[in-house]
Amino acid sequence: MAVAEAPLSSNLGRRVVGAKIGVGAEKAKLPITTVALLAGTAVGALCFVIAALLGIGVLDIQIRPGEGAGLNPALDFAVFGMLAVMAPYGFLMSAHERRIERIEDRLPDFLRDVAEAGRFGMTLPDAIVVASKGRYGLLTEEIKKMASQLEWGVPVATALKLFEERVPTPLVQRVVSIVTRANEAGGNVADVLTMVAHDTREVQLSQKSRQISMLTYVTVIYIAFFVFLVTIYIMAAVFLPQMILAGQGIASSSLGAGGAVSLNFGYVPILFIAFLVAVIVHAVGDGLMAGVLFSGRLSEGMQHGTIMLIAGWAIMRFVVPTLG
């Protein structure tokens with residue numbers, strides 16, 4: 001009996017040790033961003049179905065009480081569907097990307113510290129363990145995990161590969177690839193680490209410079225979108241009411257009665273629906289463009305699109321006066 005239990009105890013011990021150092025752990029859970037995207041897509045599909053049923057008159061759900069059935073409630077649920085798809089994934093993924101950026105910001109400092117430790121004759125694993133005693137912001141936790149793996153006897157190439165899997169960015173992948181090859185080739189790894197640290201800092205400065213230059217274009221996109229909303233408000237509050245009054249005056253005058261002059265103002269509600277559709281299209285398109293210009297990521301565009309879509313829909317439905 002004792003002989004049968006020994007392999008089981010040994011396997012259990014290896015699994016416990018593997019869980020502590022991060023080797024062999026099962027990856028059964030989906031990332032929270034993927035869960036948010038799947039859940040948002042399901043909720044969005046339900047909202048789109050409700051919008052279609054409202055559009056054909058099967059349902060009668062009114063966001064604004066007393067408004068009555070029509071295309072406006074259908075467009076409202078279409079907007080809710082777009083928000084369900086974009087908002088959770090956009091904000092969660094943007095937060096995840098910002099966290100990775102904060103981790104990468106201290107990566108050159110860590111590489112320089114490892115290089116300095118290597119110049120005192122330490123091997124790369126020992127230099128990483130010594131450098132893990134420092135403070136590197138959000139990167140500290142990941143470095144301590146890597147140092148713990150090395151102390152437990154994990155090969156340095158495997159520890160670096162696990163670090164790359166935890167922080168899967170192009171910059172980290174390039175650094176890990178260069179450091180791993182330099183360590184395998186032998187020679188002075190400290191000089192390689194110093195050059196990699198310098199190159200990494202230059203890449204980060206270039207990215208920040210690009211974001212600063214693109215911030216002007218993002219601001220222009222926001223200003224143009226809200227100028228569009230102000231223009232619609234002015235038309236709805238000043239221009240279109242005057243058209244309706246003029247049409248009513250002409251209809252009640254002798255010119256209108258004789259059929260000589262007519263001014264049809266019955267298409268004003270349809271014009272409002274056209275304005276609402278235009279605002280929705282501009283909000284989504286401009287938001288995606290702003291995010292891609294600023295960071296090159298679609299998730300950032302979903303975040304901007306969510307902000308514009310909520311602002312545009314709320315202003316069109318609850319601020320801009322509606323005319324019958």
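Observations
- When residues of the stretch 213-225 are limited to those that are out of contact with any Ser or Thr (no Cβ under 9 Å at 6 or more places or on another chain) and either touching a residue at least 40 places away in the same chain (Cβ under 8 Å) or outside the structural domain of residue 282 (by TED's automatic domain parsing) (or both), the one nearest to residue 270 (Cα to Cα): 225
- Conditions (1) surrounded by fewer than 16 Cβ atoms within 10 Å (Cβ to Cβ); (2) closer than 22 Å to residue 306 by Cβ; (3) not aromatic (Phe, Trp, Tyr): number failed by residue 52: (2)
- All of (1) within 29 Å of the chain's Cα centre (by Cα); (2) of a type outside the set (Lys, Arg); (3) surrounded by 14 or more Cβ atoms within 10 Å (Cβ to Cβ) hold for residue 223 with one exception: (3).
- Some residue of the stretch 253-260 being closer than 30 Å to residue 109 by Cβ and either surrounded by 10 or more Cβ atoms within 10 Å (Cβ to Cβ) or at pLDDT 85 or above (or both): no
- Qualifying residue in the stretch 169-178 (condition: outside any helix (DSSP H, G or I) and under 24 Å from the mean Cα position of the chain (by Cα)): yes
- Residue 88 exposed (fewer than 14 other Cβ atoms within 10 Å of the Cβ) and either under 30 Å from residue 201 (Cβ atoms) or in contact (Cβ under 8 Å) with a residue 24 or more places away in the chain (or both): no
- For residue 135: the one exception among (1) in contact (Cβ under 8 Å) with a residue 12 or more places away in the chain; (2) on the phi < 0 side of the Ramachandran plot: (1)
Quick grid of which residues meet (1) of a type in the set (Gly, Ala, Ser); (2) closer than 25 Å to residue 33 by Cα:
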| residue | (1), (2) |
| --- | --- |
| 104 | no, yes |
| 116 | no, no |
| 148 | yes, no |
| 161 | no, yes |
| 170 | no, yes |
| 189 | no, no |
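The values are calculated or read from the model by the stated rules, or taken from the named source; none is laboratory data. In this text, all values refer to a predicted model and were calculated from it rather than measured experimentally. Using ideal geometry, Cβ is built from the backbone for each residue, glycine included, and neighbour counts are taken over all protein chains shown.
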